[in-house]
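Report on the structure given below.
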Amino acid sequence: MNTIGNAIRLTLFGASHDTCIGCVIDGIPAGFAVNTETIVRDLALRKPAPGIGTPRAEPDIPEIVGLLDGKTTGAPLVLRIENTNIRDSDYDELRRVPRPGHADYPAYCKYGLSHDIRGGGMFSGRMTAV
């Protein structure tokens, strides 16, 4: 469910109101240059503008593991972003009432009450940061 790809595999982890979100990228050959400044710059483009998007603000500072001197080593690459703006209590009332326009109901059908409803869980737009 959370992994796609064959030669290069991408696995997502975490959820909107979990401690972090991230991904593991496996299959990138050793020696591939990764420009972390570009990643940080592109993440900044996700920040909401006044009156547009979510009022939730996150610093979106990525931790990148698997690089040596800015290049891949052949080991899996891990990108992790800490979630700092978490308010679990905002979602207490929504456990059994799916929100229109969200993935709450399909997630309930697939995962039952085990689905993390907070902020849409793994179906949140927050996951697009990774």
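Bear in mind that the values in this text are calculations on the coordinates, not laboratory data. Because the structure is a prediction, the values reported are computed rather than measured. Neighbour counts run over all protein chains shown; Cβ positions are idealised from the backbone, glycine included.
If exposed means no more than 10 neighbouring beta carbons inside 10 Å and the site is in a DSSP loop, what's the longest run of the chain without any exposed trypsin sites (Lys or Arg not before Pro)? For trypsin sites (Lys or Arg not before Pro) (loop position, at most 10 other Cβ atoms within 10 Å), the longest site-free span of the chain is 1-86. Taking a quarter of the surface of the Cα convex hull of region 38-130 gives a mean projected area of 8.0 nm². Could you give the dipole magnitude of the chain about its Cα centre, charging the beta-carbon of Lys and Arg +1 and that of Asp and Glu -1, in debye to the nearest 20? Dipole about the Cα centre, nearest 20: 300 debye. Ordering TYR111, GLY74, THR84 by the projection of their Cα atoms onto the charge dipole of region 36-130, which places +1 on the Cβ of Lys and Arg and -1 on the Cβ of Asp and Glu, puts TYR111 at the extreme positive end. Here the simple spin-label model places points 7 Å from the Cα toward Cβ, and for ILE39 and ASP90 these points are separated by 2.6 nm. Over the residues of the chain, the helix contribution to mean residue ellipticity at 222 nm works out to -3500 deg cm²/dmol, using -39500 (n - 2.57) for each DSSP H run of at least 4.
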